[in-house]
1. Under the definition of Cα pairs under 8 Å and six or more residues apart, what whole-number percent is the relative contact order of the chain?
2. Just from its helices, what would the mean residue ellipticity at 222 nm be for the chain, if runs of 4 or more DSSP H residues each count -39500 (n - 2.57) and the sum is divided by every residue, rounded to the nearest 500 deg cm²/dmol?
3. Tell me which aspartates and glutamates have Cα within less than 13 Å of Lys297's Cα, excluding those fewer than 8 residues away on the same chain?
4. Measure nothing fancy, just the Cα-based angle from helix 283-296's long axis to the longest principal axis of the chain, in degrees from 0 to 90, nearest 10.
5. What do you get for GluC sites (Glu not before Pro) in region 473-525 restricted to DSSP loop and a cutoff of at most 15 other Cβ within 10 Å of the site's Cβ?
6. Could you sort the peptides 88-99, 111-122 by per-residue average Cβ neighbour count (10 Å cutoff), highest mean leading?
7. Specify whether the C-alpha gyration tensor of the chain places it in the rounded, prolate or oblate class, a ≥ b ≥ c being the square roots of the eigenvalues: rounded for a/c under 1.5, otherwise prolate if a/b is larger than b/c and oblate if not.
8. Just check region 623-819 against the gyration tensor rule for me: Cα atoms, a ≥ b ≥ c as the square roots of the eigenvalues, rounded for a/c under 1.5, and otherwise prolate or oblate depending on whether a/b exceeds b/c.
Amino acid sequence: MTYNSNNFLHQLLMSDITGEENDDMIPIITLDPDENVSTEDLPDELPILAVRNTVLFPGVVLPITVSRKKSVRLVRKAHKGDKTIGVVAQKNMTSDEPAAEDLFEVGTVAKILKMLVLPDGNTTIIIQGQSRFKIEEITQEDPFLQARISYCTETFPNKKSKEVKALVQSLKDAAAKMLKLSPEIPQEAQVALDNIDSPSFLTHFLSSNLNVEVAQKQQLLEVNDGAERGTQLLELMLREIQLLELKQEIHTKVHTDIDQQQRDYFLRQQIKVLQDELGQEGPDQEIARFRERAAKKKWPEPVAKHFSKEIERLARVNPQAAEYPVAVNYLEFLLDLPWNEYTKDNFNLKRTKKILDADHYGLEKVKDRIIEYLAVLKLKQDMKAPILCLYGPPGVGKTSLGRSVAKALGREYVRMSLGGVRDEAEIRGHRRTYVGAMPGKIINQIKKIGSSNPVIILDEIDKLASDFRGDPSSALLEVLDPEQNHTFLDNYLDVEYDLSKVLFIATANSLDTIQPALRDRMEIIELTGYTLEEKTEIARRHLVPKQVSEHGLKEEDVKVPKATIQKVIEDYTRESGVRSLERKIGQLVRNTAKLKAMEEEFTPAIKPEDVVKILGSEIFDKEIYQDIDTAGVVTGLAWTSVGGDILFIESILSRGKGKLTLSGQLGDVMKESAMTAISYLKAHAELLDIDYRLFDQYDLHIHFPEGAVPKDGPSAGIAIFTSIASVFTQRKVRARLAMTGEITLRGKVLPVGGIKEKILAARRAGISDIILCQKNRKDINEIPENYIKGLKIHYVDRVDDVVKLALLKEKVKYPLKLTVTEEKPVVE
């Protein structure tokens, strides 16, 4: 016959591999056998591979999975050698270690065409039968069976005789009828059958594919006379045909008795009974329940029409279709949303003020803005909710303030963390055509809380990210616009939803990373850091009771006096908020909890001297803020993401050629400030009695300590200028003085931001005098007087005023004597 062996191997490898321990064999595809295989070329002794559930016939290609240790050793050794093995069927299918008595005597010599090692460790071989043999004697049992064999001679009458032709045609006709009665067998089998010319191979091919017991197949294999084998095979095939015809007759009769309508009705009744037993609703009951719930909803007319359209579409969908559960989930989501359902606002403004004051000490500006909003809402009743953005360093109470607002209003509270959100669908939702589509976070949260006017905290709005999936900050533009969000459209919802009654409160640590268009839609309310007094009160009222409760102690077990709290604030924390302070207080409380748990004696009051024993040595050294009797050292003020901080600028001169060196991991803005300061000083050296030749004969090095910390910003201009002027004049800098401001080449001092944070940092550092730009006076006027108590603030317009205030007439204790010569500078 003609058959494409490459196509066979491809089909074989793409099929489920079966083997010696499986019951169901795949359809066996065969190749043309070599009818002229000479037994003289075959060995007289062969390794014996015992197989179960199948019989190999000459010319047939068969995949076999071997998993028994002896079998694996056999095939691997044979594959490395001449690839010839003997394949014998087992009598006893349950035996894992078959002996000679467990095997049939007649088997088939096989050639290993391919060997595959599967991921599960089993080995699969593809073999082709060649010639039949009979086992004469088992010569070896370990490491695998080996036997001395004799080859069987097959006799077949002349294939051109009438008897053989009739037998061959009968076999082909029977096979064709079996193919017709078994539609699961591929039609390619008929083509292969028609192309077989060899009568001997025809009997082997049909015997391999016949659905009979292994013993019957073995009986066919043992017949030497080809005509007799063909006759026995035909009897088995006719018997199989009778069974197939009977099966088809029964199927036809049943199908005739029950028509399509009766069948559908019967199946529906069965499904209904099963659903009733399981407590599940059928499609009709589910749709009726949806309609009943929809009748009670107070949703807008466009939404009602959209729902009716969707439910009519659902009624036409087959419950078994893939889109049916998607449509059901969508309708349930529509019904679960709180359309026009609002919680009643509590407009008792005095109560609101008490709640805000009790939960948050300080923050008067923010609390006044909340009271203003409630007052207008109380008078007008339909005011669109403003979008507030609480901006400030970490730990100052931005997120917790939103919870207090919800509590004061009597509204539901939702917190959405936007940090790291980079997918636009997180805000707007996915389209329902996508697999696994979900609504956006906002609509989903509104569904969960069951109210259309909650307080939603958009936490960390400055940390939104963007990538190829979209820009979520742009998606928020519609959400946070009071003029547009009454028609907010979520991609999943596909109908407009009114967000105008939602009170959105965003929180941010920095405004620089917020998209300008988004920032324009929000009312920015700045929360600055706390003073020492405010932190002390917050710790006394909130942090200490909270930590005592969380550590399983009673109020009388721990007493933390004000002096102890202030020591912790001054010596162990340097922050605008109170997070580090809370952790340190928790450490103090845990020490008492440990003593109580170990039943040791302890004193409830934690004194200031006990703090060092519990927390260790002071983290921040106050001595660095005392007078420094060295020229060129000036204290500046800086703003950071965690509040204000002080910044030291150090300058030094060395013999050289006027080289300028900047160090301390500076940004471009600070480098430009340094260049501007040195240029202005060179241009006005005579005002400070500086010999202009010093600039060419000495190298200047300006350093900002803590080089591992990046520094940038327009706040250090006058501090850099003062440091340079001090080192060139060797004049002393006023003690406990700090300054902030930018300079120009004309000598003007420019205003800077972050004044409140810088003022608080100065107070924490023990600064008594501060130099600011005259235009920053308005910022000081907005700061409560208790914040600047004990500070003397000097306002300047020009650099000359800074020099007069900052540099004293007296020289430093050990001044550097600078001299100039025509050749080179001399340092004495």
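1. 7 percent.
2. Calculated mean residue ellipticity at 222 nm is -12500 deg cm²/dmol.
3. Lys297 reaches Glu332, Asp336, Glu341.
4. With both axes taken from Cα atoms, the answer is about 20 degrees.
5. Numbers: sites: Glu478, Glu483, Glu496, Glu523; in loops: Glu483.
Counting only loop positions with at most 15 other Cβ atoms within 10 Å, the GluC sites (Glu not before Pro) in region 473-525 are Glu483.
6. In descending order of packing, they fall as 88-99, 111-122.
7. Details: a/c = 3.30, a/b = 2.12, b/c = 1.56.
In terms of gyration-tensor shape, prolate.
8. prolate
Only the coordinates and a few stated rules stand behind these numbers; no lab work does. None of the values given here were measured: they were computed from a predicted structure. No Cβ is skipped: glycine too gets one built from the backbone with ideal geometry, and neighbour counts run over all protein chains shown.
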